[in-house]
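Everything on this sheet refers to the single structure shown next.
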Amino acid sequence: MTAATTGSEKAPGTGKASSRWARRLAATGRMANRAAGRTTSRVSGAMSALSPLLRPAADTAAGVAAALAVAAGHHVREGVATAHGMIRSVGSRRGAIAGLVLLMVCLTAMPGAPKARAAAQSAGGPAAEPAPDTPPAAAPAFDPAVGYSVVSAALSFLQPRTLDPYTVRQLASWGFGGFTAIEPSLTVEMGDHHVRLLTPRGALWQSDTPGDNDVKGWSRLFVSMAQAAVSSSAAMRDGGTQGVLQSFFDELFNHLDPYSRYVAPEPASTDRAARTGGVAGAGISLAKDNRSIVISAVNANGPAWNAGVSAGMHLLAVDGRQTHNQDPQIVQSWLQGAPDSELTLLLGPATGRGAASSVTIRRAMVPPETVFAFSNSDIVVLRITGFSADTAQEMSQFLEQATRDTPEGRASPLRGLIIDLRGNRGGLLQQAVTSVALVLDHGVATITKGRDPQANHVWAVQGGDLTDGVPIVVLVDGRTASAAEIMAAALADHRRAVVVGSTTLGKGLVQTIAQLPDGGELFVTWSRVLAPLGWPLQGLGVMPQLCTSMGRDSVMEQLRELAAGVPVNRRAVMDTRDARAPLPASRILELRAPCPAAVGGDLDLAAARALIDSHVSYKSALLPRSDATDAGPPD
């Protein structure tokens with residue numbers, strides 16, 4: 001046990017030994033400040049003020065321990081622990097106080113001072129306040145851990161899946177162009193065995209190159225190069241980690257197809273919510289009528305639909321919060337919450353008169369509604385705006401309703417079905433195939449081919465035609481793309497529908513999605529789409545059997561010929577069916593020319609109704625039976 005000494009008592013080790021320790025203490029303080037990259041004025045001033053307390057050798061031992069803690073630099077906590085042990089072993093209270101005070105002054109001059117002060121405080125000393133002129137530590141301009149994890153995950157995912165084979169070296173070297181895109185004065189020089197980052201003044205950084213498919217090696221090289229670029233360029237620093245990553249992937253994907261891309265974490269989160277249904281809610285859309293909030297639409301997949309809520313009702317309150325004179329977007333946010341949480345709606349009748357009623361529902365993740373039904377007598381129009389998680393289910397519900405027997409036992413009078421895919425940019429391939437299965441008894445819906453074995457599929461359907469073979473017309477236009485083109489091509493090739501409109505966009509590539517460690521997403525094209533008859537959708541698009549983009553006179557002429565049993569646009573349609581990939585751009589333009597892409601209009605719907613009204617016209621417009629296939633995919 002160590003006893004405390006008073007100020008009048010002498011501690012051992014004074015005189016020359018004390019002077020020698022004081023000199024060592026001063027030298028240690030200067031060394032600590034040099035290690036921290038700061039001047040010694042703050043420590044030296046503190047030492048001068050504390051010199052009366054540091055005369056006894058036992059006191060200086062505590063001071064030396066404190067200075068050593070600072071000199072340790074990256075081992076502040078260990079230094080504090082050492083100082084604490086030495087302070088407890090000496091016999092002077094003033095020495096202990098002096099050591100701790102000097103320790104805190106030194107630590108204030110170190111980078112990361114707040115953590116060091118916390119460590120010292122845990123050792124028994126008071127917390128020192130930071131100097132007023134000490135700026136807060138800035139976040140790093142580039143996070144090497146995030147950069148490495150994202151790039152290594154991306155390269156690992158990309159290399160085996162791209163449509164054409166590329167080495168990791170090739171993919172990474174394309175991405176390195178992203179440094180130049182941010183800072184034009186930086187250029188990357190790739191050699192057989194080295195890579196250099198150059199500035200107008202010379203080489204800024206250089207390294208040996210890893211093996212051609214060494215994912216970890218190229219990812220480490222990216223991080224090292226990025227750190228060098230960030231240290232020399234304000235533009236690189238301003239871009240930050242996400243800016244550097246975005247530019248890397250933008251340049252990489254510039255060398256691939258137009259649909260592969262990197263999506264940063266924030267927009268990726270929004271995209272995922274759109275694909276899966278977004279936040280949990282009631283499944284209703286709102287509008288404003290004067291000062292009242294009115295339900296403008298009810299999603300058939302949402303909880304409000306099942307609770308009997310219908311469009312036109314007035315929404316008076318949400319969980320007791322009055323909606324009068326509120327903005328619809330604000331009220332919409334009130335409807336959102338945790339999945340399966342309760343939500344109470346106070347509803348007024350659509351007429352605005354009558355008693356209000358309360359309904360309690362449970363919030364659910366509701367995918368966006370993509371199928372909308374209209375009927376005109378015995379013809380039903382299904383407008384499909386996209387293919388999301390529940391599109392096939394929505395379509396099935398509408399078809400069952402349209403074909404349901406009447407109360408008198410008579411069969412439904414459904415005489416024709418129009419599937420409107422104009423403006424439909426696509427979506428989930430599986431949903432398009434399942435939607436085809438609702439109106440096609442059996443057959444191949446589409447074929448996908450890629451390098452990765454998992455990208456190769458023959459998408460065949462077998463189940464049953466819910467419409468019992470009624471005539472189908474599919475409307476398309478120049479905006480119809482991807483999964484929507486797959487549906488149109490499948491029904492046309494199997495003679496299950498007549499396609500009306502203009503040549504479609506021609507997006508016949510399928511992307512697979514990878515979620516990256518930073519929350520971003522990678523969309524990678526990994527397969528090409530072939531129609532059942534073996535022709536490629538990419539570039540060509542779907543050539544309609546009745547073209548409407550040449551004007552009303554042309555449409556009327558085509559309808560007259562079809563009514564007389566004469567096929568129209570047959571040569572152009574069959575030329576596309578005979579095409580095989582790969583096709584040069586000049587040939588693609590030649591095949592698309594007979595029916596130029598255009599935005600659809602009322603003429604499309606009028607032509608569709610005319611085909612359904614005339615059995616002869618409809619049959620004449622179908623593909624020749626000898627060319628349709630039920631046998632399976634081509635070789």
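A few remarks follow.
- Any hit, the stretch 248-257, residues being touching a Gly at 6+ places or on another chain (Cβ under 7 Å), touching a residue at least 12 places away in the same chain (Cβ under 8 Å) and within 30 Å of A355 (Cβ to Cβ): no
- Every residue from the stretch 565-578 that is buried (at least 17 other Cβ atoms within 10 Å of the Cβ) and not in a helix (DSSP H, G or I): P567, V568, N569
- Sole exception among (1) more than 22 Å from K449 (Cα to Cα); (2) acidic (D, E); (3) surrounded by fewer than 17 Cβ atoms within 10 Å (Cβ to Cβ); (4) modelled with pLDDT of 95 or more for D604, by number: (3)
- Those strands (runs of 3 or more DSSP E) lying entirely in the stretch 309-410 with at least 2 residues open to solvent by less than 60 Å² (accessible area, probe 1.4 Å) and within 26 Å of L440 (Cβ to Cβ): 371-376, 379-384
- Apart from one condition, I418 fits all of (1) under 32 Å from the mean Cα position of the chain (by Cα); (2) within 24 Å of V461 (Cβ to Cβ); (3) open to solvent by less than 30 Å² (accessible area, probe 1.4 Å); the exception is (1).
- Residue within the stretch 287-297 that is over 30 Å from S219 (Cβ atoms), of a type in the set (G, A, S), assigned to a helix (DSSP H, G or I) and over 14 Å from the mean Cα position of the chain (by Cα) present: no
- Looking across the stretch 499-514, the residues that are part of a strand (DSSP E or B) and touching a residue at least 40 places away in the same chain (Cβ under 8 Å) come down to V499, V500, G501, L509, V510, Q511, T512, A514.
- Any hit, the stretch 532-552, residues being at pLDDT 95 or above, over 38 Å from the mean Cα position of the chain (by Cα) and in a helix (DSSP H, G or I): yes
- Top-ranked residue of the stretch 486-533 - restricted to ones that are touching a Gly at 6+ places or on another chain (Cβ under 8 Å) and of a type in the set (D, E, K, R), ranked as least open to solvent (accessible area, probe 1.4 Å): K507
- Filtering D164, D212 for residues that are within 31 Å of the chain's Cα centre (by Cα), surrounded by fewer than 16 Cβ atoms within 10 Å (Cβ to Cβ) and modelled with pLDDT under 95 leaves a single hit, D164.
- Looking at A304, A268, just one residue is over 30 Å from T162 (Cβ atoms) and of a type outside the set (S, T, Y), and that residue is A304.
- Test: residue in the stretch 515-526 that is closer than 28 Å to P567 by Cβ and either part of a loop (DSSP other than H, G, I, E, B) or at pLDDT below 95 (or both): no
- Only listed residue being within 36 Å of the chain's Cα centre (by Cα), under 18 Å from G508 (Cα atoms), at pLDDT below 95 and of a type in the set (S, T, N, Q), chosen from Q431, Q454, Q393, Q462: Q454
- Residue check for Q246: over 17 Å from A145 (Cβ atoms), part of a helix (DSSP H, G or I) and open to solvent by 10 Å² or more (accessible area, probe 1.4 Å): yes
- For the stretch 579-592, a residue qualifies if it is open to solvent by less than 60 Å² (accessible area, probe 1.4 Å) and either at pLDDT 95 or above or of a type in the set (D, E) (or both), and the qualifying residues are A579, I588, L591, R592.
The values are calculated or read from the model by the stated rules, or taken from the named source; none is laboratory data. Worth saying up front: this structure is predicted, and the values here are computed from it rather than measured. In this analysis, Cβ positions are derived from the backbone assuming ideal geometry, glycine residues included, and neighbour counts consider all displayed protein chains. In case anyone asks, the SASA skips ligands and DNA or RNA and just uses the protein heavy atoms, side chains included. Shrake-Rupley method; radii C 1.70, N 1.55, O 1.52, S 1.80 Å.
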